[in-house]
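Here's the structure, in C-alpha cells; my notes come after.
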Amino acid sequence: MQNKDFNRNLDVAIIGAGFSGLYMVHSMRNRGLSVKSFEKGNGVGGTWYWNRYPGAGSDIESLEYSYSFSEELQQEWKWKERYASQPELEAYLEHVADRFDLNKDIELNVSVDEMVWIQDQARWKVTLSTGEVISARFMVMATGLLSSPKKVEFEASDEFKGELYKTYDWPHEDVSFKGKKVGIIGTGSTAVQAIPIIAETADELFVFQRTPNFSAPRNNGPLDPEYENRVKAMYPEWREMQKNSFGGYVSVNFQPMFPNPNAGADMSDEQILEEFEFRWKSGGLAFYTSFYDLLGNKELNDKLGDFFRDKIRTKIKDPKKAEKLIPKDYPILTKRLCADTNYYETFNNDYVHIVDIKEDPIIRFIENGIQTQNNTYELDQIIIATGFDAITGAMVNLNIKGADGKTLSEEWLQGPRTNAGLMTNGFPNMFFVNGPGSCTGFFNPVLNVEYQGEWIGDLIDHMRNNDHSIVDSDVSGDDTWSEKMAEVARDTLFWGSNNWYIGANIDGKAQVMQLYLGGFPAYKEYTKELADQNYRSFNFLN
Ligand code: NAP
C-alpha cells in the first residue's frame, strides 16, 4: 500500500552495502520484499571500500572469509592469496553485487541522516542525505563493526602543511611515500599492516606508539592450488565445520581443526609450548583457539605473553627498540591480536624509528611535522591510524528516534542492550546484523550475517503469515541477553586492557562487553529456541 506522505515506501531499508548489507539485499529480495540499501560510499564493499590503506587485508583466510550461501559462487571465485587483500576483497564484493544483480537495489553516495519511528503507521520515516524522505516497514542496520572512526583531536592539526592521511578514508589515487619522511600514529592491526609497506619506499618512517601490540606472523602468500582444491572438494562440509566452531574459522596449518578442547591448566609446560609453536607456524589468529581457558586463566595467558615476547626479541636486532615494541602490561589477546608480514623486522632498518608517546607525548602538530614534549619530528606526511568507535559508533552517531521519541544514543548511554544481538526494546521493526550483542568480532562476520539475516527473514515471514505489522523486543528479552553476555565476560581477562570490545579505547564510553563471548554454537541454540517458542520475548502488534 502506498503512503503519500513519503517519496517512496519500502518493505525494507538497509543501511550499508558491505558484506552485511549485500547479503541482506539478496536475502530480503528473495523473500519477495521490496528493498533498498543506502550506502554512503561511492561503491560497494563497506570496510573493504574505505580501508584501502597500503597492506589492508583480512586476517581470516579467504576461503573462509567469504559467503557460503551459493555453492556456485564459492566454487567459481578464485582467491589469489591465502589471506585476501583489500583490492581482492573489494573486487569480490563487486562481483557478488553484479552476479546476484544487487546493484539495482543499492543507492550509492547516499547516507541516512535521520530515522524516526511512526507508531500509528507502523513505519520508519527515513531522511536521506539527498533530502528525500522515504518510509520503510523494516530497517536493517548493516552499518559495520569497525566503521565509525574514533574522534582523535591533535592540537593544531590544521597547522600541518604536509599531506595528512587517515587509514579509514584512504584516497583512491596512489599515494607515494618515495623520498618522504612519514609519521604514523597508532600501532593496532591497521598500522601493523601498513607500516612494513610504507617502509619499503619511505625515506624515513616515525611510528608514534602509545601501546605496543602483540602480532603473530600472517604467513601470507599465493593460495596453494592443492589446498584450494582440497577445500573446494569438501566445501559444504568445511562450511558446516566453520559454522559449528567458536570463531567461524577452522583452518590451522591448512587443516580444518576445531578449537583445542583442552584447558591449558591441565597441560604440562612442554605440551603448552608445543601447542603454541604449532599455532605460530600456522600464524594469524590461530592462537585464539589454542586452549579454551587462555582468556580466563592469567597464568596461562602470561605463558603465551612470554612466548610472544621471546619471539619478538629474536626478530628485532636493537634491544632498545625491541623493549619499546614488546607489550608488557596487559593480557595477550584482549586487544585483538595483530597479524603481520615483517612488522617487527621492519624496525631493523635504521630509518624506521619507534617513538614512545607514553614517555614523550605528542603536544601538537606544527607546520612541518609533529612536536612531542621532548622532540620535534619533521614530516612530509602524517598518517592517522587511531582506530574506531567500534560496534555501536556507527549507530549511535545516527539520529535514530524510536517509540516515545527515545534516541538510540540515549538508550545505549550505559552500553548497548539487545535481544540476542537482533533488536533492542523501544525500536520496533529495527534489526541489527553483525552488531552489538552478536558473536561477530569473535566470530567470522560473513557467516554471522548469513545466519542473522535468515533469522530476521524468518521473523518477517512469521509476521506476514500472522498479519502482524509491528515487532518489538520485550524488555525482558534484552535483560536476559544482557545478563548472559555479562556473565560470560565477567571473569575473563578482557578488563585488563583498553580494548575496543569493551569500549575502553574511547574516552567516556561505557565499559561493557559489547559482543557475545559464549561462542556461535551457543548463540545459534539460544536464537533457534527463541524462534521455536513462537518468538519468545518478542512482542507483536497487528
Ligand atoms: P586499534 O586496534 O584500536 O588501534 C588504534 C591504535 O591507535 C592503537 O595503537 C592506539 O593506542 C592508538 N591510538 C588511539 N588513540 C590515540 C591517540 N589519541 N593518540 C595516540 N595513539 C592513539 O585500531 P585499528 O588498528 O584500526 O584496528 C581496529 C580493528 O580493526 C582491529 O582490532 C581488527 O579487529 C580490525 N582490523 C582488522 C584487520 C585485519 O583483519 N587484518 C586489519 C585492520 C583492522 P592504544 O592502544 O594506546 O589505545
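The values are calculated or read from the model by the stated rules, or taken from the named source; none is laboratory data. Predicted, not measured: the structure shown is a model, and the values here were computed from it. Neighbour counts are summed over all protein chains in view; Cβ atoms, including those assigned to glycine, are modelled from backbone coordinates with ideal geometry. Each accessible area value is taken on the protein alone, full model and side chains, heavy atoms only, with ligands, DNA and RNA left out. Shrake-Rupley method; radii C 1.70, N 1.55, O 1.52, S 1.80 Å.
Quick notes on this structure:
- Highest-first arrangement of 353-359, 62-68, where packing means the average Cβ count within 10 Å: 62-68, 353-359
- For region 317-418, the carbon plus sulfur part of the accessible surface works out to 43%, probe radius 1.4 Å.
- Kirkwood-based shape ratio for region 1-66, expressed as Rg/Rh from alpha carbons: 1.11
- Packing rank of 94-106, 391-403, where each peptide gets the mean count of other beta carbons within 10 Å, highest leading: 391-403, 94-106
- In region 161-302, Rg over Rh equals 1.07, where Rg is the alpha-carbon radius of gyration and Rh the Kirkwood radius from pairwise Cα distances.
- At a probe radius of 1.4 angstrom, the accessible area of region 1-132 per residue rounds to 38 square angstrom.
- When a 1.4 Å probe is rolled over the protein heavy atoms, the share of accessible surface on region 196-237 that falls to carbon and sulfur comes to 52 percent.
- A P(r) calculated from all alpha carbon pairs of region 335-421, with 5 Å bins opening at zero, reads 3, 9, 12, 14, 12, 11, 10, 10, 9, 6, 2, 0, 0 percent.
- Set the Cα radius of gyration of region 277-401 against 2.2 N^0.38 Å, with N its number of residues, and you get 1.33.
- What the Cα atoms of region 419-542 give is an Rg and a Dmax of 15.0, 49 Å.
- Extreme residue, positive dipole direction of the chain, given options G284, I382, P259 (C-beta unit charges): I382
- The gain in end-to-end length when the E81 to R536 segment is fully stretched comes to 159.4 nm, 0.36 nm per residue minus the alpha carbon separation.
- When you work out D = kT/(6 pi eta Rh) for region 232-351 at 4 °C and 1.567 mPa s, using the Kirkwood radius from C-alpha pairs as Rh and the Stokes-Einstein form, the result is 82 µm²/s.
- Debye equation applied to the C-alpha atoms of the chain, log10 I(q)/I(0) at 0.06 Å⁻¹: -0.29
- Over region 415-536, accessible surface divided per residue gives 33 Å², non-protein components excluded, 1.4 Å probe.
- Ellipsoid semi-axes for region 195-263, based on the Cα gyration tensor and the rule √(5λ), read 34, 19, 9 Å when sorted largest first.
- Take the Cα of F258, step 7 Å toward its Cβ, do the same at D113, and the gap between the two points is 5.3 nm.
- Computed magnitude of the charge dipole of the chain (debye, nearest 20; Cβ of K, R +1, Cβ of D, E -1): 280 debye
- The charge dipole of region 132-247, taken about the Cα centre with unit charges on the Cβ atoms of Lys, Arg (+1) and Asp, Glu (-1), comes to about 420 debye, rounded to the nearest 20.
- FRET efficiency estimate (nearest 0.05) - Cβ-Cβ, R230 to R8, R0 56 angstrom: 0.70
- Placing +1 on the Cβ of every Lys and Arg and -1 on the Cβ of every Asp and Glu, with no other charges, gives region 1-84 a dipole of roughly 420 debye about its Cα centre.
- Region 438-494 - percent of accessible surface contributed by carbon and sulfur, probe 1.4 Å: 44 percent
- Against the empirical curve 2.2 N^0.38 Å, the C-alpha radius of gyration of region 65-198 lands at a ratio of 1.43.
- Between the listed residues N429, I118, N213, the Cα displaced farthest toward the positive end of the dipole of the chain, a dipole computed from Cβ unit charges relative to the Cα centre, is found at I118.
- Trypsin sites (Lys or Arg not before Pro) restricted to DSSP loop in region 434-542 with at most 14 other C-beta within 10 Å: R536
- Helical content of the chain, expressed as a calculated mean residue ellipticity at 222 nm, amounts to -9000 deg cm²/dmol (DSSP H runs of 4 or more residues, -39,500 (n - 2.57) each, divided by residue number, nearest 500).
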